[in-house]
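Here, each number is a calculation from the coordinates, and none is a lab measurement. Keep in mind the model is a prediction, meaning the values are calculated, not measured. Heads up, the Cβs are rebuilt from the backbone with ideal geometry, glycines too, and the neighbour counts pull from every protein chain shown.
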Amino acid sequence: MDNEAALVAAIREKDQSALVELIELKRPQLTAFVERLLGTKLRRKIEAEDIIQEVSVAAVQGLDGMDLAERDPFSWLCQLAERRIIDAHRHFFGAQKRDAGREIGLGSPGGGTQQAGLINMLVVSMTTPSQAFSRDQREFRLHSAINQLPEEHQKALRMRYVENLPTKQIAEKLGKADGAVRVMLTRCLKKLEELLTEEDQ
């Protein structure tokens, strides 16, 4: 993690080579994020590697104009990836933004299609500025609900569903037992789902 911290510090100083190195370091997590959002139909049209290549170029070109002083560079990369997936879906299918996400199988053990949709929306809401949700009130409400959770819960959700880390690794980072982290994540999802359901009524 020391190396990653050094890279992040260099990126905030507009070091493009450090950005390229971070992209390579985080490639497994970035690939998992892209695969998550592509969906079955879109994956037949475009590969995750194509999206990541486009993101890499866009990130390097846009670094000078991006303020990352208070922002995690990885979340910025995820946002760039999500935008390109939306563009690709519109290009190939001419459908609405969320259609690609509806095909994604993200449900954790015991989770069904409804939870998969929640997790997909959760990933997007944790990697995209809240103002991007002004046209989708349900996503905006989810973003607000996440911000109401304890900071530790937000970290756990980000590590599990954005960085795609296994619960055992999350437990090590948070100093908790693996089982406790699994329970925490399950309760967080249930709480968020309840908040959305309450506001939909």
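Note on LEU25 and GLN148: the model spin-label points, each 7 Å out from Cα along the C-beta direction, lie 3.6 nm apart. Length gained on full extension, LEU174 to GLU49, computed as 0.36 nm times the residue gap minus the Cα-Cα distance: 41.9 nm. Calculated on the alpha-carbon coordinates, the convex hull of segment 16-58 measures out at 57 cubic angstrom per residue. Report the FRET efficiency, 1/(1 + (r/R0)^6), for THR186 and ASP64, where r is their Cβ-Cβ distance and R0 is 41 Å, rounded to 0.05. That gives a FRET efficiency of 0.45. Residue-normalised convex hull volume from the C-alpha trace of segment 1-82: 82 Å³ per residue. Summing Lys and Arg as +1 and Asp and Glu as -1 over all other residues whose Cβ lies under 15 Å from the Cβ of GLN169 gives a net charge of +4.
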